[in-house]
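Trainee: Next up is a structure, given as structure tokens.
The values are calculated or read from the model by the stated rules, or taken from the named source; none is laboratory data. This structure is a prediction, so every number in the text was calculated from the model and none was measured. Every residue, glycine among them, receives a Cβ derived from its backbone with ideal geometry; neighbour counts consider all protein chains shown. The protein model used for the area step is the full one, side chains on, heavy atoms only, and it has no ligands, DNA or RNA in it. Shrake-Rupley method; radii C 1.70, N 1.55, O 1.52, S 1.80 Å.
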Amino acid sequence: ITPGEYRLHEDIRSDWQDFLELVGDEISATSTDRLLAALDMVKGQPISGVPDKRYVFADRLRNEMIALIGDVAHEAATRSLSAGKVRQARLASAIGRMVDPVNEIYWRDGLRAEHQAGDLAGVERLITQLEQSLAAIDEDYEPEPETQALIAQLRRRHAIAS
């Protein structure tokens, strides 16, 4: 150990270690139940609620955590949508948006889940939330082309079905 460096005793476990154990080495090989159990552990954005400058040393780890949680959320949402399990897809996409609200893949997952549920109001609610989230970054910020195309497609489908 470097002088002035702190480390936890090896017997002390963190919820991140538990998350990693549930997810395993390859997300695509992990069961959906284990992915959902890992997501169930996520209660907010990692290392949040503290002054930014206090844990600068943990920025790399925080970004890795956000990326992996997001990957798990997207995989779980995709599988759940394929299996027709809308509730699970909604939950997974919401966790993705919670940990990484700028990444539009989780918004698209959520839009697909609301569409699959037949919830037009839910689709429109998510579109509004996405627009507000993007406007908070920059009022001229536009959704990604893939997101714009999905929104247009879902609105057309709902208009036809009405």
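Trainee: For the structure I just gave you, tell me whether A136 is open to solvent by 20 Å² or more (accessible area, probe 1.4 Å), modelled with pLDDT under 95, farther than 19 Å from F19 by Cα and not hydroxyl-bearing (S, T, Y).
Mentor: Considered against the rule, which asks whether it is open to solvent by 20 Å² or more (accessible area, probe 1.4 Å), modelled with pLDDT under 95, farther than 19 Å from F19 by Cα and not hydroxyl-bearing (S, T, Y), A136 comes out as yes.
Every residue, every condition in (1) under 29 Å from A135 (Cα atoms); (2) part of a loop (DSSP other than H, G, I, E, B); (3) over 15 Å from the mean Cα position of the chain (by Cα), yes or no:
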position: Q17; (1), (2), (3): no, no, yes
position: D25; (1), (2), (3): no, yes, yes
position: R34; (1), (2), (3): no, no, yes
position: G44; (1), (2), (3): yes, yes, no
position: R60; (1), (2), (3): yes, no, yes
position: G84; (1), (2), (3): no, yes, yes
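Trainee: Do we find that Y55 is out of contact with any Pro (no Cβ under 9 Å at 6 or more places or on another chain), within 24 Å of T147 (Cβ to Cβ) and of a type in the set (S, T, Y) in this structure? Let's see the steps before the verdict.
Mentor: Numbers: out of contact with any Pro (no Cβ under 9 Å at 6 or more places or on another chain): yes; within 24 Å of T147 (Cβ to Cβ): no; of a type in the set (S, T, Y): yes.
Judged against the criteria, Y55 is not a match.
Trainee: Kindly list, by first and then second residue, each pair from a residue in segment 1-27 that is farther than 16 Å from G70 by Cα and acidic (D, E) to a residue that is in a helix (DSSP H, G or I) and modelled with pLDDT under 95, limited to pairs with Cβ atoms under 6 Å and residues at least 6 apart or on different chains.
Mentor: Correct list of pairs: empty, since none qualify.
Trainee: Also: Checking M41 against (1) among the hydrophobic types (A, V, I, L, M, F, W, C); (2) farther than 19 Å from R97 by Cβ; (3) open to solvent by 50 Å² or more (accessible area, probe 1.4 Å): exactly one of these is not met. Which one?
Mentor: So the condition that M41 fails would be (2).
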